Amino acid sequence: MRKIEEVLRLDAQDKGVREISRDTGVSRTTVTRYLEKAAEHKISWPLKEGMNAQAPEQLLFPVLDTPKKALVLPDFEKVATELQAHHHLTLQLLWLEYKEHNPEGLSYSRFCARYRDWKKINDVVMHFEHRGGEKLFLDFAGDTVPIWDAKTGEVDFAAQLFVAVMGASSYTFAKAFANQKAESWTAGGTAAFEYMGAVPMCVVPDNPKAVVIKPSKYDPVFNESYLEWARHYEVTILPARPRKPR
């Protein structure tokens, strides 16, 4: 603002562009542009009476209102598909990708809130009522867990994580095993009973080949050792539905 005034003042003293540039520290190109704009708007030094210090800048370089870009919302159907397809993908990574293409887009908190709202409408799952002590859900879940050798400091083997969850209370038990064989399923179930201090009415495993030889909605065929284990504890085996258990 003061630079424009100074350029106009020195120009009124018949100083050339080079000299004005040297005295004001403004480049010659900018000095020339100031003077051309001033001539275009008939502004000269001294400023007209009533013209404040900001007037030259406002007249020469008016601020134009740039139209705001329409808010681009994420494709939440694609977000849900990506999360289901890639185990290690998170909402935060998908939000960062969204912001990279839409810098003026939703904040992370709004992104998550809108995704939750979208799921409530579009990701409909049947609601189940669970009675206390009725069902214990069993599965090997998540990634393998590296077991380190204390002597060598190297990974000895990748353990499988057995998880048991009560349907009504979500009371959870977990234990690592070397594999997912039938013996690990029975040992994991027994350890879960001991940890919880009770035996449920039913166990609901996923449909692993080690336990369910032939999945079926009505008449599944079980591994004999797992069936004997269930008979010993007097629990009923109710495998999760085939293909896409929830």
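None of the figures in this text is laboratory data; all of them are computed from the coordinates on show. Keep in mind the model is a prediction, meaning the values are calculated, not measured. Cβ atoms come from the backbone with ideal geometry, glycine included; neighbour counts cover every protein chain shown.
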* Asked: Cα gyration tensor of the stretch 5-47, axes a ≥ b ≥ c as square roots of the eigenvalues: rounded (a/c below 1.5), prolate (a/b > b/c) or oblate?
  -> oblate
* Structure fact -> Rounded to one decimal in nm, the spacing of the 7 Å Cα→Cβ label points at residue 28 and residue 216 is 9.5 nm
* **Additional length obtainable on full extension of the chain from residue 194 to residue 150, 0.36 nm per residue less Cα span** => 13.0 nm
* Structure fact -> Here the gain from full extension of residue 97 to residue 80, 0.36 nm per residue of separation minus their alpha-carbon distance, amounts to 4.7 nm
* Asked: Ranked highest first by average number of other Cβ atoms within 10 Å, how do 199-207, 221-229 line up?
  -> 199-207, 221-229
* Asked: Pairs 15/48; 99/120; 3/99; 119/175; 135/209; 135/175: which exceed 28 Å Cα-Cα?
  -> 3/99; 119/175
* **Formal net charge of residues neighbouring residue 162 (Cβ-Cβ distance under 14 Å; K, R +1; D, E -1)** => -3
